[in-house]
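The values are calculated or read from the model by the stated rules, or taken from the named source; none is laboratory data. Predicted, not measured: the structure shown is a model, and the values here were computed from it. Virtual Cβ from ideal backbone geometry, glycine too; neighbours counted across all protein chains shown.
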Amino acid sequence: MKLSIIIPAYNEENTISEVLARVNQVKLPCKKEVIIVNDGSCDSTKNKIDKLKKSGNNIKIIPHLKNKGKGAAIITGIKHATGDYILIQDADLEYNPEEIPLLLKPILSKPTTNIAVYGSRFMNNKVNIPTLYLWGNKILTTVTNLLYATKLTDMETCYKLIPASVMRKMKLTCRSFDIEPEITINLIKNNIPIVEVPISYKSRTHKAGKKITFKDAFGAIKTLLSNRFF
């Protein structure tokens, strides 16, 4: 089995080097490839990625000449992925790469079954997330459960591990953070079971580089409603 780890990166000069180091160092029970989609960064992100590549790191670098959004970067990454499974890894330090093996466990226990694995931040009682984002995530997950008859605890999680064959068949159109509900909706409509495992999470502030805002919640709700009713 081979795992493709897609890292969308936009202006992450402060964290990209450490994230890549930790992704490369984590020991996995399978082969892996790391795909960085540099989404039109205008800081030193590109230089740091190129430096890591020259240092012998086995990574693919796919550039966007201008910023297109996280969803667009994920779609680009999927096109270049050659693994059996695809995992999304943010380019900041909110999600811990050392926990990737936790997501692989359900896959390895049922290797012949098509399932998706979500890393849930809210199955862990010690989640570190500001109140506004906490309730925003809980509202979006609740709306998803009501509209699509699911029992998820964290629909908006970045850590989504999905069979590559399933991902390639998805007709993804969202270009921003609304890619999260769109992926979930595709899984539900294609009857792919979603298994959740608890993960840790260390939220950062907008001052530290966090990009998602409250208005992105409206885009997510629009995606959930339009795919359900229209």
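Looking at (1) modelled with pLDDT of 95 or more; (2) β-branched (Val, Ile, Thr); (3) within 18 Å of the chain's Cα centre (by Cα), which is the only condition ILE59 fails?
Against the list (1) modelled with pLDDT of 95 or more; (2) β-branched (Val, Ile, Thr); (3) within 18 Å of the chain's Cα centre (by Cα), ILE59 comes up short only on (1).
Does LYS70 qualify as being surrounded by fewer than 21 Cβ atoms within 10 Å (Cβ to Cβ) and either at negative phi or in contact with a Pro (Cβ under 9 Å, 6 or more places away or on another chain) (or both)?
no
Restricting attention to region 12-66, which residues are within 25 Å of LYS105 (Cβ to Cβ), touching a residue at least 60 places away in the same chain (Cβ under 8 Å) and surrounded by 17 or more Cβ atoms within 10 Å (Cβ to Cβ)?
Hits for region 12-66 are VAL19, VAL23.
Looking at region 114-126, which of the residues that are in contact (Cβ under 8 Å) with a residue 60 or more places away in the chain and more than 18 Å from the chain's Cα centre (by Cα) is surrounded by the fewest Cβ atoms within 10 Å (Cβ to Cβ)?
First, pick out the residues of region 114-126 that are in contact (Cβ under 8 Å) with a residue 60 or more places away in the chain: 114-121, 123-124, 126.
Going one step further and asking which of them are more than 18 Å from the chain's Cα centre (by Cα), we end up with 114, 124, 126.
On the way: ASN114: 15, ASN124: 16, LYS126: 8.
Across region 114-126, the extreme among qualifying residues is LYS126.
Would you call ILE212 within 17 Å of the chain's Cα centre (by Cα), at pLDDT below 95 and β-branched (Val, Ile, Thr)? Talk me through it step by step, then tell me what you get.
On the way: within 17 Å of the chain's Cα centre (by Cα): yes; at pLDDT below 95: yes; β-branched (Val, Ile, Thr): yes.
Spelling it out, ILE212 is indeed within 17 Å of the chain's Cα centre (by Cα), at pLDDT below 95 and β-branched (Val, Ile, Thr).
Filter region 142-176 down to the residues that are under 20 Å from LEU87 (Cβ atoms) and surrounded by 21 or more Cβ atoms within 10 Å (Cβ to Cβ) and list them by number.
Result: ASP154, MET155, GLU156, THR157, CYS158, TYR159, LYS160, LEU161, ILE162, MET167, CYS174.
Of GLU156, GLU94, which residue is in contact (Cβ under 8 Å) with a residue 60 or more places away in the chain, among the acidic types (Asp, Glu), closer than 19 Å to ALA9 by Cα and touching a Lys or Arg at 6+ places or on another chain (Cβ under 6 Å)?
Values: GLU156 fails: touching a Lys or Arg at 6+ places or on another chain (Cβ under 6 Å).
After applying the criteria, what remains is GLU94.
Quick one: would you say LYS151 is at pLDDT 90 or above, within 27 Å of VAL23 (Cα to Cα) and more than 15 Å from the chain's Cα centre (by Cα)? Before you say what the answer is, go through the steps one by one.
Numbers: at pLDDT 90 or above: yes; within 27 Å of VAL23 (Cα to Cα): no; more than 15 Å from the chain's Cα centre (by Cα): yes.
So LYS151 fails the test.
Would you call THR184 in a helix (DSSP H, G or I) and surrounded by 14 or more Cβ atoms within 10 Å (Cβ to Cβ)?
Details: in a helix (DSSP H, G or I): yes; surrounded by 14 or more Cβ atoms within 10 Å (Cβ to Cβ): yes.
It is true that THR184 is in a helix (DSSP H, G or I) and surrounded by 14 or more Cβ atoms within 10 Å (Cβ to Cβ).
Taking the stated definitions as given, is SER4 small (Gly, Ala, Ser) and over 18 Å from the mean Cα position of the chain (by Cα)?
Working: small (Gly, Ala, Ser): yes; over 18 Å from the mean Cα position of the chain (by Cα): no.
It is false that SER4 is small (Gly, Ala, Ser) and over 18 Å from the mean Cα position of the chain (by Cα).
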